[in-house]
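Q: Okay, here's the structure, questions in a sec.
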Amino acid sequence: MNIANKLTVFRIILIPVIVLVELFPYEQFGIQIPYFVIEHITLSLKNIIVLVLFATAAITDFIDGYLARKYDMITVFGKFLDPIADKLLVNTLFIIFAFRGTVPVVAVLLMIWRDTIVDAVRMLVSQKGLVMAAGYLGKVKTVAQMIAIILILMNNLPFELFSIPLSTILVWFATLMSVMSGASYVIQARSYLVESM
């Protein structure tokens, strides 16, 4: 296994660690999580730890892609696992946020449905020997999701100080990009979808 694939596996390993930090029953074990207060906004140490873990995972995503392209480390395993790692990371955090009531459940459902449909379309098209590369809208969606996650973990700082709900705006923007990019994939593959019926 080359270093790029090892970084992808490491990113996947970080996901259950993030879940453990987020959902661990601290109160049952008498653990009090420290909070930092910035004006009227509180920021927990737990969120900061999750933010560091998420940032680490996001950085490894950039590094493994860079290494794979520069040093010709692109493998079938990497092509298969890298997008799965990305979706597991992002969707896991959004599911946790929805569970906590931090983001709307509908937005999270739409994003997960989009990912499922796109994966199915890609699988169908791959049987014809074709590969559907990530489109521009999909890349915009991913960036919006990443920034939204960071802002949610930061309790929307510093924008909350000015009463600008940027994290919420970005969640809905990412949802819109998800729906639009998902529709784009389906439209591109419509002839193959019709043939397979």
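Read-outs throughout are calculated quantities, based only on the coordinates presented, and are distinct from any laboratory measurement. Quantities reported herein were computed from a predicted structural model and do not represent experimental measurements. Glycine also receives a Cβ, built like all others from the backbone with ideal geometry; neighbour counts cover every protein chain displayed.
Q: Give the range 48-82 a look and list any residue that's outside any helix (DSSP H, G or I) and either within 20 Å of ALA144 (Cα to Cα) or among the hydrophobic types (A, V, I, L, M, F, W, C) (or both), or say none.
A: Across the range 48-82, the qualifying residues are MET73, ILE74.
Q: So which residues in the range 1-25 are assigned to a loop (DSSP other than H, G, I, E, B) and either free of Cβ contacts under 8 Å to residues at least 12 places away in the same chain or aliphatic (A, V, I, L, M) (or both)? Break it down into steps so the answer makes sense when it comes.
A: Of the residues in the range 1-25, the ones assigned to a loop (DSSP other than H, G, I, E, B) are 1-2, 24-25.
Hits for the range 1-25 are MET1, PHE24, PRO25.
Q: Does ALA85 qualify as being of a type in the set (A, V, I, L, M), assigned to a helix (DSSP H, G or I), free of Cβ contacts under 8 Å to residues at least 12 places away in the same chain and surrounded by 12 or more Cβ atoms within 10 Å (Cβ to Cβ)?
A: Here the answer is no, as ALA85 does not meet what is asked.
Residue-by-condition table, conditions (1) in contact with a helix residue (DSSP H, G or I) (Cβ under 9 Å, 6 or more places away or on another chain); (2) of a type in the set (S, T, N, Q):
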residue	(1), (2)
ASP115	yes, no
PRO158	no, no
ILE164	no, no
SER167	yes, yes
MET177	yes, no
LEU193	yes, no
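Q: If you go through the range 1-26, how many residues are under 18 Å from the mean Cα position of the chain (by Cα), surrounded by 13 or more Cβ atoms within 10 Å (Cβ to Cβ) and either within 22 Å of LYS79 (Cα to Cα) or of a type in the set (Ser, Thr, Tyr) (or both)?
A: So the count comes out to 8.
Q: Still on this model: Report, ordered by the first and then the second residue, all pairs with beta carbons closer than 9 Å, sequence separation of six or more or different chains, a first member in the range 161-176 that is closer than 14 Å to VAL90 by Cβ and touching a residue at least 24 places away in the same chain (Cβ under 8 Å), and a second member that is among the basic types (Lys, Arg) and assigned to a helix (DSSP H, G or I).
A: ALA174/LYS141; THR175/ARG114; THR175/LYS141
Q: Something else: Regarding PHE29, is this residue loosely packed, with under 14 Cβ neighbours inside 10 Å and not aliphatic (A, V, I, L, M)?
A: So PHE29 passes the test.
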